[in-house]
1. Starting from the coordinates of the alpha-carbon atoms of segment A:208-247, obtain the Kirkwood hydrodynamic radius over all distinct pairs and give the value in Å to one decimal.
2. Using only Cα atoms, figure out Rg for chain A and give it as a multiple of 2.2 N^0.38 Å.
3. Using a 10 Å cut-off around each Cβ, can you sort A:193, B:65 from fewest to most neighbouring Cβ atoms?
4. Take every Cα pair under 8 Å in segment A:110-193 that's 6+ residues apart, average their separations, divide by the length, and report that relative contact order as a whole percent.
5. For the protein assembly as shown, evaluate the Debye formula with one uniform point scatterer on each Cα (no solvent term) and list log10 I(q)/I(0) at q = 0.09 Å⁻¹, rounded to two decimals.
6. Once you've got the GNM for chain B with C-alpha springs shorter than 10 Å, pick whichever of B:72, B:257, B:241 has the biggest mean-square fluctuation.
7. Give me the three principal axis extents of segment B:157-234 from the C-alpha atoms, as integers in angstrom, largest value leading.
8. Find the eigenvalues of the gyration tensor of the Cα atoms of segment B:1-128, then list the square roots of 5 times those eigenvalues as equivalent ellipsoid semi-axes, largest first, in whole angstrom.
Amino acid sequence: MSADAVVRTARSRRARLAAGDVVAWICGGIIALAVLVAILGPLLAPHDPNAADLNDQFVGPVAGHPLGFDAQGRDLLSRLLAGARTSMLGPTAVVVLAMAAGVLAAVTAAWRGGWVDAALGTVMDVLFSFPGILLAILASAVFGPSLWAAVIALSIAYTPYVARVLRSAAVRERAQEYIAAAEVQGASAVAICARHLVPNVAPLIVAQATLLFGYAMVDLAAISFLGLGVQPPQADWGVMVSTGKAGVLQGYPAESLAAGLCIVVVVVAVNLLGERLGERRR
Amino acid sequence: MAEPVLEARGLRKVYGDHVAVDGVDLALAPGGSLGIVGESGSGKTTVARMIVGLTRPTAGTIAVCGRDRSQPARGTAERRRRAREVQIVFQNPYASLDPRRSPADALDEVLRLHTDAGADERRARIAELGELVGLDERMLRARPRALSGGQRQRVAIARALAAQPRVIVLDEAVAALDVSIQAQILNLLADVRARIGVAYVFISHDLAVVRQIADETLVMQRGRVVERGPTEQVLDDPRDPYTRLLRASVPGPGWRPVRRGAPTTGGAT
């Protein structure tokens with residue numbers, strides 16, 4: 001393919017992403033909505049998400065309560081809106097922490113090479129052998145069950161995935177002559193990495209971050225489902241899937257379904273968008 | 001020769017049990033031009049990388065402007081001072097520019113690293129460097145992918161010149177270009193040398209190119225210098241059988257390929 005054709009393909013791909021890619025826009029819209037709800041959730045909730053009234057136990061949709069009530073007679077819609085905050089904040093924190101650690105490890109390994117690369121690789125291999133959920137169970141045993149224990153455990157568990165993918169990209173970039181030229185210019189390693197290396201693997205970093213967000217959201221929901229993350233009665237989508245399971249057995253699946261649907265929709269939207277951002281690089 | 005601007009003695013580089021460079025001595029006069037020729041794997045690129053400090057010599061010394069640089073630089077000031085002594089232009093114009101940065105950005109980064117010039121002064125200097133290598137304002141503002149190979153190589157030369165080095169190492173700097181563009185870049189390099197008196201170490205496998213640019217030439221084979229002298233003499237009247245082989249490998253009228261090991265005088269029988 002000629003250089004000209006490459007430019008043309010890249011341009012048309014960007015044009016499609018900018019204007020024509022309906023899926024990307026829908027996904028972006030869903031994510032924006034979820035973020036907005038996470039920020040404003042408690043204000044949007046029409047009722048107190050924790051106000052229980054056992055008279056309303058498992059009552060279906062009625063006027064003013066479009067999703068009905070849960071096992072303790074709390075308004076489901078209000079709980080979903082209020083629960084968006086921890087459900088979105090947790091994965092965001094995992095993404096930020098794991099990406100920061102992963103990028104740092106990947107760039108350091110790629111830059112130094114040799115024994116530093118080998119040592120970091122070994123550390124990552126060791127971390128790889130602990131499943132995230134297991135680390136989270138350990139963390140909650142040590143620090144007591146909380147969202148933050150789960151977040152830290154998952155961040156550690158995800159770091160090697162990020163580091164491994166980014167390391168190979170960073171090694172490729174490191175070998176480029178413009179990096180060597182900057183070294184000969186006398187720029188410091190940190191400056192070269194910050195100004196040249198990281199920006200040139202940024203599309204991959206963004207794609208990794210979005211994929212990671214989806215995984216983290218599902219894992220955090222699972223941890224909360226196990227009772228090791230966010231603690232009831234606080235509203236959280238993972239917690240709601242968990243507390244709703246009593247209702248499922250009694251024929252009132254609304255709580256679990258609604259919360260589960262929120263998780264699935266956000267995760268699918270984030271993953272589809274992440275895939276598209278990743279494709280753009282190629 | 002006047003006090004050499006670049007001098008290397010007993011340069012040696014060993015990778016594992018492979019000797020890439022073995023006892024290379026070289027000297028370059030201020031404003032001079034030294035060609036290093038040899039086939040792939042002869043160690044010429046390793047010599048280039050050792051001169052600019054990207055590869056650490058196993059043994060031997062390199063001095064530029066009388067200052068030793070065989071050991072890695074200690075500290076920022078030392079690193080930048082070395083950068084103002086020797087710069088490099090690489091072979092591949094498509095990999096030697098950061099795809100995200102315009103030529104003007106790339107030059108600005110160098111100027112900020114090496115001068116205290118304010119924004120206006122830097123802008124003027126960038127335009128001046130662009131003029132020196134034949135890049136107009138539009139090209140300076142373009143993304144590298146919008147530039148041709150020859151234009152990119154001009155940017156790489158301007159970037160090397162921005163730090164005002166005494167020596168520029170050109171590692172196969174025209175090898176990836178079309179013949180007509182090669183000629184343009186070689187003329188440009190000759191002009192630049194005449195105008196600002198920078199010295200070149202010109203590494204190439206192409207004897208015709210070396211003939212145009214180099215005053216003196218070294219011939220390298222398997223990490224060793226097998227012949228050296230004024231370029232004309234080395235290329236017109238080679239003493240070493242390997243140099244004769246290299247010369248006999250250049251296609252010309254009535255040319256017939258010579259096999260290594262076969263007698264090299266007067267072509268194959």
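Values quoted throughout were computed directly from the atomic coordinates according to the rules given, and no laboratory measurement underlies them. Source: prediction; values computed, not measured. Counting neighbours? That spans all protein chains shown, and the Cβs are built from the backbone with ideal geometry, glycine included.
1. It works out to 10.3 Å.
2. Working: Rg = 22.4 Å, N = 282, 2.2 N^0.38 = 18.8 Å.
Compared with the compact-globule rule of thumb, chain A sits at 1.19.
3. B:65, A:193
4. Working: 50 pairs, mean separation 25.5, N = 84.
Normalised by residue count, the contact order of segment A:110-193 is 30 percent.
5. Once normalised to I(0) and log-transformed, intensities are -0.80.
6. Largest GNM mean-square fluctuation: B:257.
7. The Cα atoms of segment B:157-234 stretch 34, 28, 22 Å along the principal axes, largest first.
8. Ellipsoid semi-axes (Å, largest first): 30, 18, 15.
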